[in-house]
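Structure, as structure tokens:
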Amino acid sequence: FFMDRRGRTRSRIHFGNEKHLLFQLQTYGIPIPDDSPLRQVNGTFSLASHRQWLQNRQAQEMKVAGTDEMLKTFFPHRFDVLFGRSTKVRSHTGNLRALHLVNLWQARYDGAPNRARKAEISERIVGIIHESQGRFLKWEETGWVEVDDDTARDKIAHYFRNQRRTKTGYDTNKQSIALKRNRNQSLTEIAV
């Protein structure tokens, strides 16, 4: 296997089982979703997701101006914020980064005198995410679709409200509230 010096610095050969190789790729910042062509299904590599990606890409490239079809993304990027409720969506690096930005701006958001100022702060965070080439994506049938800025701002405002709830211990689950109340009563009985 012969390469020039530049090729050798940009190439890396990996050995090991599938799990180890996928982990190595992820340490370089290369996301490997479950439906990636690099994952084996029943001991063989599946090209179904690769073919789907090619079809989506061709549809995007052949898209005629003036159609209502939205551009779909098959694999979200690192800084993309994903809509959804699954653990996989919540643990996506773009969502974690958005949450970190929300934590940094939480005090300003809580101290904002009115809704307009809170909306400006949310818009600022959306702008920061867009500046780093991040998008706000929502899953629709065959791929991820970028949402408009108003929906993205609502998502960030939701993060602010959710973080406030988490920090103050506010919980809407009645069973959890009852458990906390019983625990507090037992602690006061021990103290007396």
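The values are calculated or read from the model by the stated rules, or taken from the named source; none is laboratory data. Keep in mind the model is a prediction, meaning the values are calculated, not measured. Cβ placement follows ideal geometry from the backbone for every residue including glycine, while neighbour counts extend to all protein chains displayed. To get the accessible areas, we keep the full protein, side chains included, count just its heavy atoms, and leave off ligands, DNA and RNA. Shrake-Rupley method; radii C 1.70, N 1.55, O 1.52, S 1.80 Å.
At each listed q (0.15, 0.19 Å⁻¹), what is the log10 of I(q)/I(0) that the Debye formula gives for region 68-156 modelled as equal alpha-carbon point scatterers?
For the requested q values the scattering log ratios are -0.56, -0.85.
Can you give the accessible area of Leu47 in Å² (nearest 10), computed on protein heavy atoms with a 1.4 Å probe?
90
Where nothing but the Cβ of Lys and Arg (+1) and of Asp and Glu (-1) is charged, how large is the charge dipole of region 73-131 around its Cα centre, in debye to the nearest 20?
In debye, rounded to 20, region 73-131 gives about 180.
Once R0 is set to 30 Å, what does the formula 1/(1 + (r/R0)^6) return for the Cβ-Cβ distance between Lys19 and Asp110, expressed as a FRET efficiency to the nearest 0.05?
Approximately 0.10, to the nearest 0.05.
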